[in-house]
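Peer 1: A single structure is presented below for examination.
FYI, it's all coordinate maths here, none of it is from the lab. Everything numeric here is computed off the predicted structure, so don't read it as measured data. Cβ sites come from the backbone with ideal geometry, for glycine too, and all protein chains shown count toward neighbours.
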Amino acid sequence: MKPKHQRLILAILALAALIGAGLLAASALREEASYFYTPATLANADVEPGKAIRLGGMVQKGSVRRDADGITVHFIVQDRDATQAVVYKGITPDLFVEGSGVVADGRMDAKGVFVADSLLAKHDENYVPRELKDIDMSTAEHSKDTLAE
Amino acid sequence: MHRFANPARFLGIAKPLTPLLLWPGILLVLGACWWGLTQVPAERLQGHSVKIMFVHVPAAWLGMGGWTGLAIASIVQLVWKHPLAGVSARAIAVPGALFAALCLITGSIWGRPTWGTWWVWDGRLTSMLILFFLYLGYIALANASSEKGSVSRTAAVFGIIGAVNIPIINRSVVWWESQHQKASITLGGSSIDSAYLWPLFASALGFTLIFGAVVLMRMRAQLAEIRIEARMRRMAED
């Protein structure tokens, strides 16, 4: 065998081992490296009340309700399998709309409601011009204007 | 492959090719950014901040594509000992790092109005930051080799190891729940409206041409450095 072939085999083996190790490490991190719980993973996670966690998902359509004080907002975060009630006191981000994504920092209270300290909007991978939003029904048809009503 | 091993032959091609890549690239980027800023409609949720896409996405692609090229060149350097492989890997590193940084900076600026934060430590952002640090590490290693111009085997091995991060960046939004949204453009199609897609492609092509031109320029500069060094060594020996 020529030295060149030896080096080639060595390089291929090393690369395969490296990528294998990387994939193994990544799959082992699958739960730990997730940035937030979804309502479904939270329901199975057995997180004690008061522990700081992050919750992410879709804001359920029709669930946003604002208190008379003007800054407390109640809403429901959902994923495909579960829902979670959330309460937040503060200014919501511009992109916080029903049917769109949200990531909340906070903790569970004793009654099973998620009390959020901060909200981040999470947008999906769809990019649709504003004037087409009513035509394209496959994506969230809400705009900022619906919240202003 | 060894047809281009002769640096003189490579220089004969690289020199006229550089402006042929550079100027169309600059024109395409300027045109795409002008079109993107003035002619593209506001996005349904994000409004006008969507337009930073035309810089952010090409920068992300080139940051990742750059390391892929660097890793391939490192394999060629170690296995075939091609004389231009190390030179090209080293030439890729600086523009690669630049585009990775540009991706992080524009992403941060984009995140503030859309997500409500400059930075979060989710899988995508963290792995992209690691890519930037890998570039810095490679540049430091390549510059540390005793002879200017040539690249040490340590740097080449580092280039190959760092390639593990590329599929991790790509898969980060699939494996882990993340603040960053999933890929819009996949093998199955695109979920970006054509109003944004065409300027995005034009801008990506333009930035890629500029990237190629910068790599050729840096390779030529390094080959010149090697020649100077060889000549000085000969003079010192006389």
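Peer 1: When only C-alpha pairs under 8 Å and at least 6 residues apart count, what is the relative contact order of chain B, in percent?
Peer 2: Working: 281 pairs, mean separation 79.5, N = 238.
Contact order relative to length: 33 percent.
Peer 1: Quick one: if the Förster radius is 35 Å, what FRET efficiency do B:Arg234 and B:Phe133 give, using the C-beta to C-beta distance and rounding to 0.05?
Peer 2: Computed FRET efficiency for B:Arg234 and B:Phe133: 0.35.
Peer 1: Continuing with the same structure: Give me a single rounded figure for B:180-190: the average over its residues of other chain Cβ atoms within 10 Å of their Cβ.
Peer 2: Values: counts 4, 7, 2, 1, 4, 1, 1, 0, 0, 0, 3.
Mean partner-chain Cβ count within 10 Å for B:180-190: 2.
Peer 1: Related question: For region A:57-124, divide the Cα radius of gyration by the Kirkwood radius and give the resulting Rg/Rh value with two decimals.
Peer 2: Working: Rg = 11.0 Å, Rh = 11.9 Å.
Reported Rg/Rh, Kirkwood definition of Rh: 0.92.
Peer 1: Using the count of nearby Cβ atoms within 10 Å as a rough guide to exposure, how do B:Met64, A:Met108 rank from fewest to most? Please report the intermediate quantities before stating the final value.
Peer 2: Details: B:Met64 22, A:Met108 18.
The order, fewest Cβ neighbours first, is A:Met108, B:Met64.
Peer 1: So what are the ³J(HN,Hα) numbers for region B:32-49, from phi and the Karplus equation (6.51, -1.76, 1.60; θ = phi - 60°), rounded to whole Hz, Gly and Pro as x?
Peer 2: After applying 6.51 cos²θ - 1.76 cosθ + 1.60, I find 5, 5, 4, 4, x, 7, 9, 10, 8, x, 5, 7, 4, 10, 7, x, 7, 5 Hz.
Peer 1: Using unit Cβ charges (K, R positive; D, E negative) and no other charged atoms, how large, in debye to the nearest 20, is the dipole of chain B about its Cα centre? If you can, show how the numbers build up before the last one.
Peer 2: On the way: 19 positive and 9 negative charges, 114 e Å.
For chain B, the charge dipole is close to 540 debye.
Peer 1: Let me check I have the definition right: for region A:1-102, take the eigenvalues of the Cα gyration tensor, multiply each by 5, take square roots. What are those semi-axes in whole Å, largest first? Please list the in-between numbers first.
Peer 2: Details: eigenvalues 451, 45, 26 Å².
Its equivalent ellipsoid spans semi-axes of 47, 15, 11 Å.
Peer 1: Let me ask something else about it. Could you give me the radius of gyration and the Dmax of the protein assembly as shown, taking only the C-alpha atoms into account and expressing both in angstrom?
Peer 2: Here Rg and the maximum Cα pair distance are 25.0, 91 Å.
Peer 1: Follow-up. Along the charge dipole of chain B, pointing to its positive end and built from +1/-1 on Cβ of Lys, Arg, Asp and Glu, which listed residue (B:Val157, B:Cys103, B:Leu45) has its Cα farthest out?
Peer 2: B:Val157
Peer 1: Per DSSP helix of 4 or more residues, -39500 (n - 2.57); summed, then divided by the residues of chain B. What does that give at 222 nm, rounded to the nearest 500? Working shown, then result.
Peer 2: Values: 7 runs with 176 residues, N = 238.
It comes out at -26000 deg cm²/dmol, rounded to the nearest 500.
Peer 1: Place +1 on the Cβ of every Lys and Arg and -1 on the Cβ of every Asp and Glu in chain A, take the dipole about the Cα centre, and give the residue among A:Val77, A:Ile19, A:Leu120 whose Cα lies farthest towards its positive end.
Peer 2: Projecting each Cα onto the dipole axis, the largest value belongs to A:Ile19.
Peer 1: Hey, another quick one. Take B:Asp122, A:Asp81 and order them by how many other Cβ atoms sit within 10 Å, fewest up front. Working shown, then result.
Peer 2: On the way: B:Asp122 23, A:Asp81 11.
Taking fewest neighbouring Cβ atoms as first place, the list is A:Asp81, B:Asp122.
Peer 1: Shielding by partners for B:127-137, please: the mean number of other protein chain Cβ atoms within 10 Å of each residue's Cβ.
Peer 2: Details: counts 2, 0, 0, 0, 0, 0, 0, 0, 0, 0, 0.
Mean inter-chain Cβ contacts per residue within 10 Å come to 0.
Peer 1: Which FRET efficiency value, to the nearest 0.05, do you get for B:Ala221 and A:Asp117 by plugging their Cβ-Cβ distance into 1/(1 + (r/R0)^6) with R0 = 41 Å? Intermediate values should be presented prior to the final figure.
Peer 2: Values: r = 52 Å, r/R0 = 1.27.
Approximately 0.20, to the nearest 0.05.
Peer 1: Given N residues in region B:81-143, what is its alpha carbon radius of gyration divided by 2.2 N^0.38 Å? Each step should come with its number before you reach the end.
Peer 2: Values: Rg = 14.7 Å, N = 63, 2.2 N^0.38 = 10.6 Å.
Normalised Rg, Cα atoms only: 1.39.
Peer 1: Let me ask something else about it. Using a 10 Å cut-off on Cβ atoms, rank the peptides A:44-51, A:93-100, B:40-47 from the highest mean neighbour count down. If you can, show how the numbers build up before the last one.
Peer 2: On the way: A:44-51: 10.2, A:93-100: 19.5, B:40-47: 21.0.
So the order, starting with the most tightly packed, is B:40-47, A:93-100, A:44-51.
Peer 1: Suppose every K and R has +1 on its Cβ and every D and E has -1 on its Cβ; what is the size of the dipole of region B:101-238 about the Cα centre, in Debye to the nearest 20? Walk me through the numbers on the way to the answer.
Peer 2: Working: 12 positive and 8 negative charges, 44 e Å.
My answer is approximately 200 debye.
Peer 1: What's the magnitude of the charge dipole for chain A around its Cα centre, counting Lys and Arg as +1 and Asp and Glu as -1 at the beta-carbon? Answer in Debye, nearest 20. Please list the in-between numbers first.
Peer 2: Numbers: 17 positive and 21 negative charges, 187 e Å.
For this selection, approximately 900 debye.
Peer 1: Rounded if a/c is under 1.5, else prolate if a/b is larger than b/c, else oblate: which is region B:1-124, with a ≥ b ≥ c the root eigenvalues of its Cα gyration tensor?
Peer 2: On the way: a/c = 4.19, a/b = 1.81, b/c = 2.31.
The shape class here is oblate.
Peer 1: Right, another one. Along the charge dipole of the protein assembly as shown, which of B:Ser191, B:Ala230, A:Ile91 sits closest to the positive end, that is, farthest toward it, with unit charges on the beta carbon of Lys, Arg, Asp and Glu (+1, +1, -1, -1)?
Peer 2: Selected residue: B:Ala230.
Peer 1: For A:Glu125, enumerate residues with amide H under 5 Å from its amide H, sequence gap 5+ or separate chain, H modeled in the peptide plane.
Peer 2: B:Lys182
Peer 1: I'd like the mean, over residues of B:152-162, of how many other protein chain beta carbons sit within 10 Å of each residue's own Cβ. Show your work: numbers first, answer last.
Peer 2: Details: counts 0, 0, 0, 0, 1, 2, 0, 0, 4, 4, 1.
Per-residue shielding by partner chains comes out at 1.
Peer 1: Can you compute the FRET efficiency between B:Ala140 and B:Lys182 using 1/(1 + (r/R0)^6), with r the Cβ-Cβ distance and R0 = 30 Å? Round to the nearest 0.05. Intermediate results must be reported in sequence, preceding the final value.
Peer 2: Working: r = 34 Å, r/R0 = 1.13.
For R0 = 30 Å, the calculated efficiency reads 0.35.
Peer 1: Sticking with the crude label model, points 7 Å out along Cα→Cβ, report the distance from B:Leu20 to A:Thr83 in nm, one decimal please.
Peer 2: Calculated label separation equals 6.3 nm.
Peer 1: Okay, next question. Normalise the Debye intensity by I(0) for region B:112-224, one equal point scatterer per Cα, no solvent, then take log10 at q = 0.18, 0.21, 0.22 Å⁻¹ and round to two decimals.
Peer 2: Log10 I(q)/I(0), no solvent term: -1.17, -1.26, -1.28.
Peer 1: Another one. Sort region B:116-177 into rounded, prolate or oblate with this rule: let a ≥ b ≥ c be the square roots of the eigenvalues of the Cα gyration tensor; rounded if a/c is under 1.5, and if a/c is not under 1.5, prolate when a/b is larger than b/c, oblate otherwise.
Peer 2: Working: a/c = 5.52, a/b = 2.24, b/c = 2.46.
Judged from the Cα gyration tensor, region B:116-177 comes out oblate (a/c at least 1.5, b/c at or above a/b).
Peer 1: Let me ask something else. Which semi-axes, in whole Å and largest first, does the equivalent ellipsoid of chain B have when worked out from the alpha carbon gyration tensor as the square roots of 5 times its eigenvalues?
Peer 2: Numbers: eigenvalues 263, 88, 41 Å².
For chain B, the ellipsoid semi-axes come out as 36, 21, 14 Å.
Peer 1: Would you calculate a helix-derived [θ] at 222 nm for chain A, using -39,500 (n - 2.57) for each DSSP H run of n ≥ 4 and dividing by the full residue count, to the nearest 500? Write out the running numbers ahead of the final one.
Peer 2: Values: 3 runs with 38 residues, N = 149.
Rounded to the nearest 500, the figure is -8000 deg cm²/dmol.
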